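Visitor: Before I ask anything, here is the structure I am working with.
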Amino acid sequence: MSRSVAVFFIICCAWVAQLRGQTQASQAPSPAASPKKEGKKQKQQSPSESANPLVSGIKGASTNGPVTTEIYADDAFFDSNKNVGIFSGHVKVVDPRFTLQSEKLTVYITKGENQGLEKAIAEGNVAVVRDRPDPNGGPPTRAVGRSDQATYVASSGNVELRGTPRVQEGVNTHIATSPDTVMVVNQNGQLTTHGPSRTEIRQEPKADEGEKKDEAKPSASPKTSVTP
């Protein structure tokens, strides 16, 4: 397992080095440019970096560095000609945005100079866990998706769940009633379902009802105490 992770980490470092070299070459100021103009370029640079789909939406992630995704597996196979990596056996993906477990994972890398993740397909007892931060500063809301297959598309950031998928968020559960139903979860945690499904919304009993019953019991005590 350690060899698979090491090889994958080396490949990712090579991709990051290529991307950094290209961005530095494109962002290098001309010799005639003054220091003031360089400062303006740096200020205009931050919005484009924050719009990077590999970085945006990650709580606490730095926009100046790459995002590290760790893949653990019993076996790994790499095909540099096809730009494909296949991981199998107790696959676990640890990412700042989510965690994933499956029996098999196929990773597709884009071809050309600007290499990067194109898509990833997880198969077999897939479980995806994603925590959505509370805008009011409260504890995050955890969403757990389960399916036979999950596809992550890097260009859109969407995760497609296929094969009788189900998504549980808190005490509420959204379940597909057909194996052909497809659920799509976007980067903002919004869920879209294509096909028949069932939604279970649970509501805990109010505490006021129990308090009223407890308050009603002591009212009978004065009657019993007024006995000669």
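Visitor: With a ≥ b ≥ c taken as the square roots of the eigenvalues of the C-alpha gyration tensor of the range 70-200, please select rounded if a/c is under 1.5 and otherwise prolate if a/b is larger than b/c or oblate if it is not?
Guide: Note, shape of the range 70-200 comes out prolate.
Visitor: Shifting gears a bit: How big is the gap, in Å, between the Cα center of the range 167-194 and the Cα center of the range 93-139?
Guide: 16 Å
Visitor: Taking other Cβ within 10 Å of each residue's Cβ, how do Asp74, Asp131 sort, fewest first?
Guide: Going from sparsest to densest Cβ surroundings: Asp74, Asp131.
Visitor: Taking the highest mean first, how do the peptides 186-196, 99-109 order by number of other beta carbon atoms within 10 angstrom per residue?
Guide: Numbers: 186-196: 12.6, 99-109: 19.4.
My ranking of the peptides, most packed first, is 99-109, 186-196.
Visitor: If the label point is 7 Å along Cα→Cβ of Asp75, which residues in the range 103-134 have backbone nitrogen under 20 Å from it?
Guide: 103-108, 121-126
Bear in mind that the values in this text are calculations on the coordinates, not laboratory data. Remember, predicted model here, so these are calculated numbers, not experimental data. FYI the Cβ positions are ideal-geometry reconstructions off the backbone, even for glycines, and counts take in every protein chain you see.
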